[in-house]
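Notes to accompany the following structure.
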Amino acid sequence: MNPEPFLQLDRTIHEKGRLAIMSLLAASPSLLYTELRDTLRMTDGNATAHLRTLHEAGYVAVTKSLEGGRSATTYSLTETGRTAFAGYVSLLEQIVAQTRRSDA
Amino acid sequence: MDDALAAENLRVIRTLMERSAVYRRALAPVSLATGGLGLASGAVGWFLGLDTVAGFVGFWMAAAVIASGMSLAIVRRQALGDREAFWSPPTRRVAEALLPPLLVGLVCGSAVLLGGGATQGLVWWLPAVWMVLYGCAIHAAGFFVPRGMRRLGWIFVGTGCALPLLVDLGPFTGKIPPLSEAHLIMAAAFGGLHMAYGIYLSITEQRKSAA
C-alpha cells in the first residue's frame, strides 16, 4: 500500500475536535460560537482552544459584532481553510479507494 | 491511520456537514397537522357560510397563525426529544427562507381586511395570491430540506396560477361565485396538498426505516 496519502494528511485538521468544527463550517456560510459549541457539545475551553488553533493556521475567520446589545462571535472558513479541508477529504477518499483496489 | 479510520472520518464529516446544512426535523407530522387543520377550517368556513370579506379573510388569517404556531410546537417537541437546539442553524435558514413570501401574504390579507371597501371579486384573488406566495416560501425553504418540498412548492405555485383560470371570476358570466365556495378551494389546496404530502412523507419514511 502506498503510504503517501497518510503522510500528507493535514495535522491541524486531523484532530477530532478541529475536524468536526471544519466540517460544520464547510457546510455553512458562517456559524455563531455558541452554535458550534452546542452542536458539537464541547466545553468552552475545548471549543476556544480548537478555534484559536484553526484561526492561527489561517483556516477560520472570526467576526465580532453586537446583536441586540450582546456581543456575538461568528466563525467562517477562509479560502485557505476551504482548500485545506477539500484536500483533507480528498486524501481520505484516496486512502479508502486505495484499500478497496488492493482488496479487489 | 488505517482505511477503516479514514472511512469513519469521512462518515463523521458527512454527518456533521448534513447537521450544519440540512433541516432534519420530521416533516410528516407537521404536514399532516397543517393539512388536517386546513381541511377542518375549510369545512367549518363553508358550513358556517362565512361569505363576508372580513369573515373570509379574518378566518383564514387566523387559521394560518394557528397552523404556524402548531408547526413550531411540533418542531420544538422533536428538537427537545432529540436533545438538540430548537433554533439550530438549519432551522434558522428555513425560517429565513419562509419569511419574506409569508410576510407579503400577511400584508396582502391585512390590507384587504383593514382597508375596507374590498369587493368579493377582489377577495376571490386572495386564495390564488396566497397559494403562489406560500408555494414560493416552501420552494425557498426546500433548498434546505431533502424530501421533495420544492416540488410541493411548485404545485402550490401552479395551483395558485391556475386558480383564476379555473374559477370564473366574472369576466365571462358577470357573476362572481359566493365566497363560501372559496373555503372549499382553500381546504383543497392548503388542506389536501399538505395532507397528501404528509402521507407521502410518512410512507416513504416507513419504507426507509424498514430498509
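Computed quantities for the displayed model
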| quantity | calculated |
| --- | --- |
| FRET efficiency, B:L48 to B:L99 (Cβ-Cβ, R0 41 Å, nearest 0.05) | 0.85 |
| Alpha-carbon radius of gyration plus Dmax, which is the widest Cα pair, for region A:4-96 in Å | 13.8, 51 |
| 11 Å beta-carbon shell around A:L25, net charge (K/R +1, D/E -1) | +1 |
| Over chain B: helical MRE at 222 nm, DSSP H runs n ≥ 4 each giving -39500 (n - 2.57), nearest 500 | -25500 deg cm²/dmol |
| 34 Å tail of the calculated P(r), the protein assembly as shown, as % of Cα pairs | 41 |
| Other protein chain Cβ atoms within 10 Å, averaged over every residue that makes up A:25-35 | 4 |
| Virtual spin-label span in nm between A:E15 and A:D38, 7 Å along Cα→Cβ | 2.5 |
| Share of alpha-carbon pairs per 10 Å distance bin for chain B, given as whole % | 8, 30, 32, 17, 8, 3, 1, 0 |
| B:L106-A:L66 FRET efficiency (beta carbon distance; Förster radius 22 Å; 0.05 resolution) | 0.15 |
| At most 13 other Cβ within 10 Å, DSSP loop - chymotrypsin sites (Phe, Trp or Tyr not before Pro), region B:87-130 | B:W87 |
| Convex hull volume per residue for region B:62-152, taking Cα atoms only, in Å³ | 95 |
| Peptide ranges B:136-142, A:30-36 listed from the most packed, as the mean C-beta count within 10 angstrom indicates | B:136-142, A:30-36 |
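Read the figures in this text as sums done on the coordinates, not as results from a lab. Small disclaimer: the values here were computed from a predicted structure and weren't measured. Neighbour counts run over all protein chains shown; Cβ positions are idealised from the backbone, glycine included.
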